[in-house]
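The values are calculated or read from the model by the stated rules, or taken from the named source; none is laboratory data. From a predicted model like this one, the values you see are computed outputs, not experimental measurements. Positions of Cβ are generated from backbone atoms using ideal geometry, with glycine treated the same way; all protein chains shown enter the neighbour counts.
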Amino acid sequence: MRKISRALRVQFTKLPLHTWLFAVTIAFPLCIFSAAGVAGTVVEVQTSLGTFFIEVDEDAAPVTAGNFLNYVISGRYNNTFIHGTTGGSLIRGGGYTYDSCTIGPEHIPTDAPIALEETGLSNLDGTIAALHPSGNPDGATSEWFINLGNDIGLDTQDGGYAVFGWILGDGLDVVRSISVANVVRLGFFLETPTTNYFETGVDCQLFSRDNLIMVRMSVFNDNKATATADFEPLTQILGVNLDLGAAGFTRIPFAVAVNGTQISITAQLDAAVDLQQPVPNMASYDAVSGRLHLPSIAVGGEIVYRNVIFDLNDLATATFELRSYE
């Protein structure tokens with residue numbers, strides 16, 4: 001069976017997607033595949049105002065994402081606080097701890113700075129990027145910021161700021177609530193959002209770390225075998241893990257139909273299952289363009305196609321047609 005599996009894998013990966021799916025479904029319904037694909041690591045961020053999840057793109061940003069994960073895994077982001085916000089357009093973190101009002105904020109231990117990386121990702125709404133000192137694009141260490149709104153000017157400003165991931169699901173609601181919290185000045189450039197402090201200056205008799213928006217981070221899911229969607233040849237069902245933004249996370253089965261060279265998928269909405277938490281490499285849907293993006297499709301654990309794009313064809317039936325794939 002392993003020899004047959006390997007032979008079929010070599011054969012079908014050279015065929016067009018519509019031919020491959022048709023052949024697997026009709027001619028070889030019992031073939032077995034075994035391999036693992038690559039997906040982004042998901043990080044859980046717990047704050048005083050709620051929890052959100054970040055998916056880091058280790059493919060596009062191996063250096064910047066790897067640097068961020070080093071700080072997460074080492075625990076150095078634990079007991080840090082959100083140390084900046086800019087008019088509700090972003091929040092900053094990953095820099096400072098705060099034990100007492102008299103001592104004030106202290107920067108966490110840092111690794112050597114990393115060089116600015118060309119990730120190909122832009123500073124769009126909901127993305128996270130590495131923060132570097134103004135005028136020193138190769139000076140990023142532990143600090144990061146999350147964009148609230150599209151700010152592509154940051155792709156080139158001060159040499160550019162490298163995006164390495166994005167917020168999943170409704171996590172931006174938590175980030176937005178942080179961005180509009182009461183602000184206090186803790187030091188030079190530290191316009192810090194707080195939970196319940198109303199004075200512009202810090203009164204050490206009233207102010208403590210309980211007023212700050214504290215942060216803890218941990219790797220939530222780094223299973224590299226997780227695929228966006230799994231195709232079941234026997235049932236011709238494509239099960240898709242989908243990030244619906246503010247609506248949360250869900251798994252939706254799609255019925256696959258092959259008509260000549262065209263593939264269409266129809267959502268079985270009555271069979272959708274809400275996911276309490278995200279998984280790596282989730283699909284995304286743009287309601288404005290009607291575009292459904294699946295980072296990967298697997299059969300029996302084998303990721304064969306990436307960056308698969310479907311366009312909405314019939315809103316009433318939730319039917320999509322294949323547009324492109326790699």
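Can you give me the ranges of the helices (runs of 4 or more DSSP H) entirely in region 1-95 with at least 3 residues that are at pLDDT 50 or above?
62-74
Sort out which residues of region 290-324 are small (Gly, Ala, Ser), in contact with a strand residue (DSSP E or B) (Cβ under 8 Å, 6 or more places away or on another chain) and surrounded by fewer than 13 Cβ atoms within 10 Å (Cβ to Cβ), and write them in order of number.
Hit for region 290-324 is 324, nothing else.
Within region 276-289, work out how many residues are surrounded by 14 or more Cβ atoms within 10 Å (Cβ to Cβ) and at pLDDT 85 or above.
Counting residues in region 276-289 that are surrounded by 14 or more Cβ atoms within 10 Å (Cβ to Cβ) and at pLDDT 85 or above gives 5.
Mind telling me which of the residues 279, 288, 258 ends up being touching a residue at least 40 places away in the same chain (Cβ under 8 Å) and under 20 Å from residue 324 (Cβ atoms)?
Of the residues listed, the single one that is touching a residue at least 40 places away in the same chain (Cβ under 8 Å) and under 20 Å from residue 324 (Cβ atoms) is 258.
Do any strands (runs of 3 or more DSSP E) entirely within region 251-326 hold 1 or more residues that are over 23 Å from the mean Cα position of the chain (by Cα) and either among the hydroxyl-bearing types (Ser, Thr, Tyr) or more than 25 Å from residue 221 (Cα to Cα) (or both), and if so, which?
Of the strands (runs of 3 or more DSSP E) lying wholly inside region 251-326, those with at least 1 residues that are over 23 Å from the mean Cα position of the chain (by Cα) and either among the hydroxyl-bearing types (Ser, Thr, Tyr) or more than 25 Å from residue 221 (Cα to Cα) (or both) span 262-267, 302-314, 319-324.
Output the qualifying pairs, or none if there are none: Cβ atoms under 7 angstrom, residues six or more apart or on different chains, first residue in region 102-120 and more than 20 Å from residue 72 (Cα to Cα), second residue exposed (fewer than 12 other Cβ atoms within 10 Å of the Cβ) and not β-branched (Val, Ile, Thr).
Partner pairs satisfying both residue conditions: 102/204.
For residues that are surrounded by fewer than 16 Cβ atoms within 10 Å (Cβ to Cβ) and small (Gly, Ala, Ser), scanning just region 238-275, find the one that is nearest to residue 53 (Cα to Cα).
246
Answer with yes or no whether residue 211 is among the polar types (S, T, N, Q), closer than 30 Å to residue 253 by Cβ and touching a residue at least 24 places away in the same chain (Cβ under 8 Å).
no
Name, by its number, the condition in (1) of a type in the set (A, V, I, L, M, F, W, C); (2) in contact with a strand residue (DSSP E or B) (Cβ under 9 Å, 6 or more places away or on another chain); (3) not assigned by TED's automatic domain parsing to the domain that holds residue 75 that does not hold for residue 247.
So the condition that residue 247 fails would be (2).
Among the residues of region 184-194, write down those that are under 29 Å from the mean Cα position of the chain (by Cα) and surrounded by fewer than 17 Cβ atoms within 10 Å (Cβ to Cβ).
Across region 184-194, the qualifying residues are 189, 191.
Give 242, 234 a once-over and let me know the one that is out of contact with any helix residue (DSSP H, G or I) (no Cβ under 8 Å at 6 or more places or on another chain), among the aliphatic types (A, V, I, L, M) and assigned to a strand (DSSP E or B).
242
Quick one: in region 195-231, which of the residues that are out of contact with any Phe, Trp or Tyr (no Cβ under 7 Å at 6 or more places or on another chain) and not in a loop (DSSP other than H, G, I, E, B) is surrounded by the fewest Cβ atoms within 10 Å (Cβ to Cβ)?
210
Looking at region 209-250, which of its residues are basic (Lys, Arg) and more than 19 Å from the chain's Cα centre (by Cα)?
209
Tell me, which strands (runs of 3 or more DSSP E) wholly within region 134-194 include 2 or more residues that are more than 21 Å from residue 72 (Cα to Cα) and in contact with a Gly (Cβ under 8 Å, 6 or more places away or on another chain)?
Per the criteria, 182-187, 190-194.
Give the residues of region 64-101 that are touching a residue at least 12 places away in the same chain (Cβ under 8 Å), under 18 Å from the mean Cα position of the chain (by Cα) and surrounded by fewer than 18 Cβ atoms within 10 Å (Cβ to Cβ), sorted by residue number.
The answer is 70, 73.
Check off (1) closer than 24 Å to residue 133 by Cα; (2) not assigned by TED's automatic domain parsing to the domain that holds residue 63 for residue 232 and give me the number that stays unchecked.
So the condition that residue 232 fails would be (1).
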